[in-house]
1. Contact list please: Cβ distance under 8 Å, first residue in the stretch 306-335 and at pLDDT below 95, second residue among the hydroxyl-bearing types (Ser, Thr, Tyr) and open to solvent by less than 10 Å² (accessible area, probe 1.4 Å), pairs at least six apart or on different chains.
2. For a quick check of your reading: which strands (runs of 3 or more DSSP E) sit entirely within the stretch 57-106 and have at least 1 residues that are of a type in the set (Phe, Trp, Tyr)?
3. Which condition breaks for GLU265 when tested against (1) without any contact (Cβ under 8 Å) to a residue 40 or more places away in the chain; (2) acidic (Asp, Glu); (3) crowded, with 17+ Cβ neighbours inside 10 Å?
4. Pick from ASP325, ASP264, ASP256, ASP287: which is on the phi > 0 side of the Ramachandran plot and not assigned by TED's automatic domain parsing to the domain that holds ILE113?
5. In the stretch 207-237, which residues are open to solvent by less than 20 Å² (accessible area, probe 1.4 Å), in a loop (DSSP other than H, G, I, E, B) and in contact with a helix residue (DSSP H, G or I) (Cβ under 9 Å, 6 or more places away or on another chain)?
6. When only residues in the stretch 1-27 that are open to solvent by 70 Å² or more (accessible area, probe 1.4 Å) and in a loop (DSSP other than H, G, I, E, B) count, which is modelled with the highest pLDDT?
7. Which of the residues belonging to the stretch 151-165 are assigned to a strand (DSSP E or B) and either away from the ligand (no atom under 13 Å from the Cβ) or in contact (Cβ under 8 Å) with a residue 60 or more places away in the chain (or both)?
8. Quick one: which residue in LYS249, LYS255, LYS281, LYS292 is farther than 20 Å from ILE54 by Cβ, open to solvent by 40 Å² or more (accessible area, probe 1.4 Å) and within 16 Å of the ligand (Cβ to nearest atom)?
Amino acid sequence: MKIVNNFSLINHNTFGVDAIANQFTSISSINELKKIISSNESKEKIFIGGGSNILITKKIEGLVIHLNIKGISSKKIDNNYTEVNIKAGENWNEAVIWCLKNDLGGIENLSLIPGNTGAAPIQNIGAYGVELKDVFTSCEVLNVNTNEIVEFSKVDCQFEYRNSIFKKNKNYIILSVKLKLTHANHKLKVDYGSINEKLISLGIVNPKINDIANIVTQIRKEKLPDPKEIGNSGSFFKNPIIKKKQLEKLKLNFKDIPNYKISDENYKIPAGWLIEKAGFKGKRIKDYGVHKNQALVLVNYGNATGKEILEFSLSIEKAIQFIFDIKLENEVNII
Ligand SMILES: Cc1cc2nc3c(=O)[nH]c(=O)nc-3n(C[C@H](O)[C@H](O)[C@H](O)COP(=O)(O)OP(=O)(O)OC[C@H]3O[C@@H](n4cnc5c(N)ncnc54)[C@H](O)[C@@H]3O)c2cc1C
């Protein structure tokens with residue numbers, strides 16, 4: 001385990017921000033992780049996986065620890081289900097592909113989400129009608145204060161829309177994640193977005209989990225900017241949830257406001273629509289801006305700093321508050 005001083009994180013965040021960490025290390029075992037936590041004197045310790053959900057806005061005075069613990073295993077639970085144990089450093093999409101190769105179903109709709117498996121519970125990753133919590137059973141966690149390893153159940157994780165206990169309490173480092181997947185009688189979710197439409201256009205009548213994964217992958221490639229080509233962290237903001245009364249009021253001025261009923265009282269509004277309506281879609285200032293096709297995605301065209309992107313996001317937040325009286329919340333973790 002090597003510690004590098006004055007390390008550029010440009011290749012460790014998909015925003016492509018060239019921020020410096022005073023110290024950087026990559027660990028590939030629990031023992032290495034425990035050792036570095038107990039021996040390194042830096043007060044500030046920042047843990048990262050694939051860096052696809054962070055915006056680094058400053059020089060990091062402390063130590064950045066890249067979690068790179070690898071390994072996947074599985075065991076049959078019964079005639080229908082298999083439990084898969086994926087270590088934190090496994091790339092999420094590669095883990096999905098591993099499961100597909102082993103005919104394990106449940107996470108095909110989560111294909112091509114960037115980042116590593118250890119971060120998947122942090123915001124309860126979700127896409128195309130499926131969230132991690134739908135297949136999650138437990139995860140192994142290191143408490144950095146006590147250096148003890150504990151198991152967190154689904155209830156312990158307090159999963160919500162793009163949220164979990166790990167967003168609130170930064171003392172827990174996820175070491176591995178256990179999922180309950182089907183090896184028979186797969187339950188496909190095809191009724192979200194344009195999955196069904198694509199199945200029809202491809203003439204697929206009895207889809208397999210691989211078909212869903214291929215379609216989701218194709219749609220994502222068409223819709224989302226590839227961080228290898230243009231720096232971004234996916235959706236910058238969460239979709240806000242507002243009360244029915246406020247929605248009724250907004251409809252007086254914005255008849256076409258899209259909304260999705262969450263409960264009798266609560267409605268989700270697409271943040272991308274709000275941002276587009278406020279005139280930010282495609283807007284570019286120096287090397288930062290809002291993507292031309294995806295208003296929810298803030299981008300770095302090359303040399304933007306994290307601070308510039310953060311300040312720009314605050315100006316979007318302010319405009320949305322002013323126009324719609326809606327408070328946007330970041331999905332991306334600001335460092
Ligand atoms: C193009 C694009 C599309 C995306 N699409 C989606 C999508 O459809 N759905 C979705 O939910 N997300 C999406 N995301 C966001 C991102 O892919 C996920 O949030 C992913 O889980 C982040 O993983 P990571 O390893 O890159 O995390 P990082 O960015 O490295 O870290 C994210 C946060 O988790 C913490 N962290 C990382 N690993 C651990 C660990 N093992 N234990 C404790 N804390 C940890 C970090 O300190 C940080 O606060 C997208 C991002 C991009 C760039």
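1. Cβ pairs passing all conditions: none.
2. Details: elements: 60-67, 72-76, 81-87.
The strands (runs of 3 or more DSSP E) meeting that bar are 81-87.
3. In the conditions (1) without any contact (Cβ under 8 Å) to a residue 40 or more places away in the chain; (2) acidic (Asp, Glu); (3) crowded, with 17+ Cβ neighbours inside 10 Å, GLU265 misses (3) alone.
4. Numbers: ASP264 fails: on the phi > 0 side of the Ramachandran plot; ASP256 fails: on the phi > 0 side of the Ramachandran plot; ASP287 fails: on the phi > 0 side of the Ramachandran plot.
Within the list ASP325, ASP264, ASP256, ASP287, the selection yields ASP325.
5. At the first step, the residues of the stretch 207-237 found to be open to solvent by less than 20 Å² (accessible area, probe 1.4 Å) are 209, 212-213, 215-216, 219, 225, 231-233, 236-237.
Filter once more, keeping what is in a loop (DSSP other than H, G, I, E, B): 225, 236.
Selection gives PHE236 alone.
6. ASP18
7. GLU151, SER153
8. On the way: LYS249 fails: within 16 Å of the ligand (Cβ to nearest atom); LYS255 fails: within 16 Å of the ligand (Cβ to nearest atom); LYS281 fails: within 16 Å of the ligand (Cβ to nearest atom).
Within the list LYS249, LYS255, LYS281, LYS292, the selection yields LYS292.
The values are calculated or read from the model by the stated rules, or taken from the named source; none is laboratory data. Worth saying up front: this structure is predicted, and the values here are computed from it rather than measured. Every residue, glycine among them, receives a Cβ derived from its backbone with ideal geometry; neighbour counts consider all protein chains shown. SASA here: full protein model, heavy atoms, side chains in, ligands and nucleic acids out. Shrake-Rupley method; radii C 1.70, N 1.55, O 1.52, S 1.80 Å.
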